[in-house]
Amino acid sequence: MRVSFNVVAGSPLAPVLGLLVAPDALAASAGADSQPWVIGNGQTDAGPFVPREVQQTYAKGTRSQDGRPGPNYWQNHAAHRIRISLSPPSRRVQGEQEIVYTNNSPEPMTNLIFRLYLNAHHPAALREKPVSEKFLTDGITVDEFSIDGKVVPWDNSTDPLRVYNVPGGTIHAMTLGAPVPTKGIVTIRMRWHYDLVADSGWKEGAIDDTTYFLAYFFPRVTNYSDYNGWDFTPFTLGREFNNDFADFKVDVDVPRDFVVWATGTLQNAKDVLQPAVHRKLEASFRSDKVVTLAEAADVKSGKVTTRGERLTWKWQADHVPDFAIAVSNNYRWDAASVVVDPATGRRASVQGAYPDTATDFRNIVNGAQQTLKFASTVWPGVPYPYPKSTIVLGSADEEYPMMVNDDSNLGNGYAAKLGGTVFTDFVAAHEILHTWFPFYMGINEKRYPFMDEGWTTAFEYLRNRDVLGVEAADSLFKGFRVAGWGTPTSGYELPIVTPHDSMWGQSGVFGFNQYGKAALGFLALKDLMGDDAFRKGLHEFMARWNGKRPLPWDMFNTFNDVDADNYTWFFRNWFFSYNYSDLMLDGVRSADGRHAIAVRNPGGMAVPFDVVLAFTDGSSERVHRTPAAWQADGRRTEVSVAMAKTLQSVTLDTGIFVDANPADNTWVANKAGDSH
């Protein structure tokens, strides 16, 4: 099957995507041998398209064309001190906050732009999808606000930037009375409140009457970058986040008999936990054995927390892009730990919090231990960077630094087919694997989600091969990640690199393009390079950009920089082109003990494949070709096999690279035995 995707410069779609189509593509024939459409810069021999905003970073020296941070690289930084007060079953959240914001940019900062994610709940908020009445609240209300000790109005009717400050706005802008100089700091203090939603919210909210999950809850200064300046894009529920790294000291004030889990390390465990529970928690930091720190009944009966009327749980996390909190008085609490750095013996705590009814969570700590060990030592093979990971039963299936909010899968038909806790462990593994992308490196999930979802989905597949076996992993990937890829649905052929923040309302494309399709791109690169070279490129990219804010071009350029080969052709094909996966057999010739199998590529995507030859004597031979088969000619290749046997049939097997038209992937010898 062949699909023509004729997007030309000047068409209505071109400015929306912010992309250019190479002139050679415009002139390309629509015939079977025409080259794939690519995004280019007008030159037939050019590399992948580089947006002008990225080109200017090379000129400024903030990024280098070899993929490294440039000598003038910078990123701004915030230190948050937050105090939260909760009194369930009231859903009111009271917050006091100090932000010390450092301007590391080369220019004086004349304004501040705040991001208020929870205003997405306001009835007047701009949203990309319908919501129920239960989703709606008044958003976040700022009660007091000061800058450098001076009280200033949060809503200033005379501010030139007031146009951004509308009811339900997730961006709040203000002009500063005095600019913040380069390397200068500004101290912001505020008091605010909001009400948790009654349903699952946007990956946050009230899980039950006395179990809450707080995420995206605090006002923050939005990202200011070397390539884009201020991020003014509103949060509309259609894409995820673009948060800067920050330091956090967060105090959570709750009534006794409520347990608090959060991003970071608990600083005062002795003050909030009874001695027996505290001893078990400390012991779990040194042991692989899973222990139950508290049954749900223990929490309710006053056997877990100390006995003050209200307790303050003090948490600290450094250089993380976000902070999340879970609170409950009716959850079971399990814990263990696992070695995540064999070279030093460093362990990470693994904890689970869930109600007794969620029986599929009984294995959640064991499953998380396995995932952390695999990810730290195999793929991506970089030691888990944090001191702990906590998996909390909620309803979000979402990742946060050192925290996971996952739903139970009891009653899920797909999970039931897999049996046991396989699916629940699989979902938790995916969220834990997000530690490396987008948290180890600060990925702009909003614009380039393929850099976090794609990598994570690739690691997820490799983890599943290790845990479930190849056959089960392939089946799960096909059924859950690329099901329906062969359907000619609008948008499926859009280049992976397409900025997602320009694709309003295209959640379907997001789900496929950034998860399954991008994962296949990274897995195809692994097949092309071989494990050693691929691991070297991946580790170098991660080392260069750990704690920094990489862009796709930093990634592509790093892989090219660290290897003797140049993979620009591959990146153009997979990430910048309007391609899809569709191979076909185009003839079989047998002569002089050799079989020549012609393979065409109508879809244009450089996918790896196997040729399976079946012989009349009942034997068979499988021959693998990496994506390198398509480097010289992207539309046709030939596989030659020396084998003095008579062919019965030939089949193309693309595995998880699901073929759009498998009907033309098999050749069978005719009754006369003719092999031509």
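The values are calculated or read from the model by the stated rules, or taken from the named source; none is laboratory data. This one's a predicted model, so the numbers in the text were calculated from it and none came from an experiment. Quick reminder, even Gly has a Cβ in these numbers, built from the backbone with ideal geometry, and neighbours come from all protein chains shown. Note: areas computed on protein heavy atoms with side chains; ligands, DNA, RNA excluded. Shrake-Rupley method; radii C 1.70, N 1.55, O 1.52, S 1.80 Å.
Cα-Cα pairs above 17 Å in the range 183-229: how many percent?
Details: 591 of 1081 pairs.
Pairs farther apart than 17 Å: 55 percent.
Taking the Cα centre of the range 419-477 as the origin, how large is its charge dipole in debye, to the nearest 20, when only Lys and Arg (+1) and Asp and Glu (-1) carry charge on their Cβ atoms?
Roughly 180 debye for the range 419-477.
What's the angle, to the nearest 10 degrees (0 to 90), between helix 422-433's Cα axis and the longest principal axis of the chain?
80
Could you state the number of Å between the C-alpha centres of the range 404-451 and the range 569-601?
34
Once you place label points 7 Å from the Cα toward the Cβ at R191 and T489, how far apart are they in nm?
In this crude spin-label approximation the distance works out to 5.0 nm.
Can you show me the helix-derived [θ] at 222 nm for the chain, built from DSSP H runs with n ≥ 4 at -39,500 (n - 2.57) apiece and divided by the number of residues, rounded to the nearest 500.
-6000 deg cm²/dmol
For the ranges 169-180, 308-319, 551-562, what's the packing order if you count other beta-carbon atoms within 10 Å of each residue, average per peptide, and put the highest first?
Put in order of decreasing packing, that is 551-562, 169-180, 308-319.
From the mean inverse distance of alpha carbon pairs (Kirkwood) and the Cα radius of gyration, derive Rg over Rh for the range 459-553.
With Rh from the inverse mean 1/r over Cα pairs, Rg/Rh is 1.00.
Convex hull over the Cα atoms of the range 503-566, averaged projected area in nm²?
On the way: hull surface 20.5 nm².
Averaged projected area of the range 503-566's Cα convex hull equals 5.1 nm².
With N residues in the range 370-511, what two-decimal value do you get for its Cα radius of gyration over 2.2 N^0.38 Å?
Ratio of Cα Rg to 2.2 N^0.38 Å: 1.07.
Given points 7 Å out from each Cα along the Cα-Cβ axis, report the Q94 to N566 separation in nanometres with one decimal.
6.4
So what are the radius of gyration and Dmax for the Cα set of the range 436-483, in Å?
My reading of the Cα-based Rg and Dmax gives 12.3, 34 Å.
Over all directions, average the projected area of the Cα convex hull of the range 547-648 and note it in nm².
Mean projected area for the range 547-648: 8.9 nm², to one decimal.
Kindly provide the Kirkwood hydrodynamic radius of the range 177-292 in Å, to one decimal, from all pairs of distinct alpha carbon atoms.
Evaluated on the range 177-292, it is 18.5 Å.
Using a 1.4 angstrom probe, figure out how much accessible area the chain has per residue, in square angstrom, rounded to the nearest whole. Present the calculation step by step, with values, prior to reporting the outcome.
Values: 25660 Å² over 676 residues.
Ligands and nucleic acids excluded, the figure is 38 Å² per residue.
Along the principal axes of its C-alpha atoms, what lengths does the chain span, in descending order and rounded to whole Å?
Principal extents (Cα only, largest first): 89, 56, 49 Å.
Order S132, S337, S590, most accessible first, counting only protein heavy atoms with a 1.4 angstrom probe.
So, going from the largest accessible area down, we get S132, S590, S337.
Please give the contour-minus-distance gain from R81 to A472: 0.36 nm per residue of separation, less the Cα-Cα distance, rounded to one decimal in nm.
That works out to 136.1 nm of additional length.
Rank these residues by their accessible area, most exposed first, probe 1.4 Å: M643, M503.
M643, M503
Sort 577-586, 618-627 by packing, meaning the average of other beta carbons within 10 Å per residue, with the highest value first.
Working: 577-586: 22.7, 618-627: 14.1.
The packing order, highest mean first, is 577-586, 618-627.
Once all Cα-Cα distances of the range 118-159 are split into 10 Å bins that start at 0, what whole-number percent is in each one?
Values per bin, smallest distances first: 24, 35, 25, 14, 1.
Quick check: the angle from helix 364-377's long axis to the longest principal axis of the chain, C-alpha only, nearest 10 degrees?
It is inclined by approximately 60 degrees.
Could you list the GluC sites (Glu not before Pro) in the range 392-445 that lie in coil according to DSSP, counting only those with at most 11 other Cβ atoms within 10 Å of their Cβ? If you can, show how the numbers build up before the last one.
Numbers: sites: E398, E399, E431, E445; in loops: E445.
In loop regions of the range 392-445 (DSSP not H, G, I, E or B), there are no sparsely surrounded GluC sites (Glu not before Pro).
Contour minus end-to-end for V152 and K60, with contour as 0.36 nm per residue of separation and end-to-end as the Cα-Cα distance?
Here the answer is 29.6 nm.
Hey, with R₀ at 30 Å, roughly what FRET efficiency would N670 and D610 work out to, going by the Cβ-Cβ distance, to 0.05?
After rounding, the FRET efficiency stands at 0.80.
Kindly flag which residue pairs out of K150/K249; K203/K249; K388/K478; K150/K183 have an alpha-carbon separation exceeding 26 Å in this structure.
Over 26 Å apart, Cα to Cα: K388/K478.
For the chain, what % of the accessible area comes from carbon and sulfur atoms, probe 1.4 Å?
50
Quick check: residue separation of T265 and D138 times 0.36 nm, minus the Cα distance between them. What number comes out in nm?
Extending this stretch completely gives an extra 42.5 nm.
Taking Cα centroids, how far is the range 464-542 from the range 51-94 in Å?
26
Given bins 5 angstrom wide, list per bin the percent of all Cα-Cα distances in the range 234-365, short to long.
2, 10, 16, 20, 19, 15, 10, 5, 2, 0
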